[in-house]
Amino acid sequence: TIFEGLKLVQRRGPDCVIILLDSLDVVQVIQGSTLATWNSDLIQRIQSILAQENLWVLHYIPREQNEVADCMAKEVLSTR
């Protein structure tokens, strides 16, 4: 999940975090650029982690174009 990935990134302490998601709704909710009110604890925790990072970028990318990110995420999860 994005939360687990962010926790991993947070431990490594990079200068910049780039996140590609295939859900435009989730991107908009995390960025706070939508009127939807998701009172999700998970969304609030994600926003809290991102607030602690110096530079982060969150982008929507259609699922068809997200194959590389999907493969990387699966690889990371399989090595745990």
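Quick notes on this structure:
- Screening segment 59-80 for residues that are open to solvent by less than 70 Å² (accessible area, probe 1.4 Å) and aliphatic (A, V, I, L, M) and picking the one that is farthest from the chain's Cα centre (by Cα) gives Val76.
- Of the set (1) open to solvent by less than 90 Å² (accessible area, probe 1.4 Å); (2) modelled with pLDDT under 85; (3) touching a helix residue (DSSP H, G or I) at 6+ places or on another chain (Cβ under 8 Å), all apply to Val9 but (3).
- Candidate set from segment 34-58 (those that are farther than 20 Å from Gly13 by Cα and open to solvent by 80 Å² or more (accessible area, probe 1.4 Å)); member that is modelled with the lowest pLDDT: Leu35
- Inclusion of Val27 among residues that are of a type outside the set (Ser, Thr, Tyr) and at pLDDT 85 or above is warranted.
The values are calculated or read from the model by the stated rules, or taken from the named source; none is laboratory data. This one's a predicted model, so the numbers in the text were calculated from it and none came from an experiment. A quick note on method: Cβ atoms are made from the backbone with ideal geometry, for glycine too, and the neighbour counts reach across all protein chains shown. Accessible surface is based on the protein model in full, side chains and every heavy atom, while ligands, DNA and RNA are left aside. Shrake-Rupley method; radii C 1.70, N 1.55, O 1.52, S 1.80 Å.
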